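Shown next, in C-alpha cells, is the structure this report addresses.
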Amino acid sequence: MKKSFLLLTYISLIFGLIFTSCEPTRHVIATDPRIDILEKDNAKTHGQLVECNAQLKTLSDQKTSLQNELDLVQNDLKALSSESKMTIAEQAKRLRNLQGMIQSQKDKMTNLKNSITDALMNYNTDELNIYIKDGNVYVSLEEKLLFKSGSDVVDAKGKEALKSLAKVLNTTKGITVMIEGHTDKIPIKTKQYEDNWDLSTARATSIVRILTKDYDFDSNRITASGRGAYHPIKTNETTLGRASNRRTEVILSPDLKELYTLLDQ
C-alpha cells in the first residue's frame, strides 16, 4: 500500500514536470504573431523615417536654392535702387531744363506778338487780328486788307502791312512761318481758279512771294498752303461770318529742335 502511494506520487511529479515544461513553449508559440506584427511595424516605421529624411534633404536643398535666389533679387534691387536714384535725379534735371526751355519759348512768342502788334498798330481790328494759340503767334489778315474779291493780287495797302510785318520777322530768329489761305463756302469757279481751295492756295503763295522776293524774308523758313472753306472761324450763314472766314493767316511757330533734342536724350 505504501509502495503504491509512493508510485502514484512519483507519477504525479513526473506529469507535473512535463506539463510545467510545456507551458513556456505554448506561450512562445502564442506570442509569435505579435512579434511578426512588431517586426512589420518596425520595418514600416524605418521606411517612413528614410522617406522623411529624404524629404528633409529635399526641403533643405530647396531652402538653400531659395536663399540664393533671394540674395540675387536683393542684389538686383539694390542695384536698381541705385540706378533709379540716378534716373530720378537726371529726370528732375531734364524736367527743369525742359520747363526752362518752354518758358523761354513762351516769353519769346509773347515778345514777338507784342512787337508785331506795335508794328501793325495803324490797322483796324476789322482788318487784322493778332493772338497766340497753341504756342504759336497768329496774324490773321482779312480779305479786304489784302485782296479784291476772287483775286490773288495783293493790294497796295496790304503790301504795306506785309512790309511792316516783314521788318519784325527778319529780326526774329528761331521761328518758322506758315501762310494759310482761307475762304468762305460760297463756290467759285473761274478760268483762273478751279475752286475755293485753288484760290486760297494762290493767295497764300502770293504773300510768300512778296515776303521773300520784295522784303527779303528767308525762303527756307516759310511755307504756303491753302485750306479753302474747310476751317471757318465763324458761321458761313451770315455776311459778317463769311467775311471773317475769307482771311489769310500768318502763323509763326518757334523752332523746337533744341526741345526735341532734350526729349530724345
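The values are calculated or read from the model by the stated rules, or taken from the named source; none is laboratory data. Note that the structure is predicted; figures quoted are calculated from it, not measured. Glycine also receives a Cβ, built like all others from the backbone with ideal geometry; neighbour counts cover every protein chain displayed.
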From LYS173, LYS157, LYS167, which residue is under 24 Å from ASN245 (Cα atoms), in the same structural domain as SER219 (by TED's automatic domain parsing) and out of contact with any His (no Cβ under 7 Å at 6 or more places or on another chain)?
LYS157
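Hey, can you tell me all the residues within segment 98-135 that are part of a helix (DSSP H, G or I) and in contact (Cβ under 8 Å) with a residue 40 or more places away in the chain?
Here is the first cut: in segment 98-135, the ones part of a helix (DSSP H, G or I) are 98-119.
Of everything in segment 98-135, those that are part of a helix (DSSP H, G or I) and in contact (Cβ under 8 Å) with a residue 40 or more places away in the chain turn out to be LEU98, MET101, ILE102, GLN105, LYS108, MET109, LEU112, SER115, ILE116, ALA119.
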Output for segment 246-265, where each listed residue is out of contact with any Lys or Arg (no Cβ under 6 Å at 6 or more places or on another chain) and modelled with pLDDT of 95 or more
ARG246, ARG247, GLU249, VAL250, ILE251, LEU252
Take the residues in segment 136-157 that are touching an Asp or Glu at 6+ places or on another chain (Cβ under 9 Å) and assigned to a loop (DSSP other than H, G, I, E, B); name whichever of them is nearest to ILE251 (Cα to Cα).
PHE147
If you check every pair at least six apart or on different chains, which have Cβ atoms under 6 Å apart with a residue in segment 182-204 that is surrounded by fewer than 22 Cβ atoms within 10 Å (Cβ to Cβ) first and a residue that is of a type in the set (Ser, Thr, Tyr) and in a loop (DSSP other than H, G, I, E, B) second?
none
Going by the conditions given, is ILE179 of a type outside the set (Gly, Ala, Ser) and surrounded by 14 or more Cβ atoms within 10 Å (Cβ to Cβ)?
yes
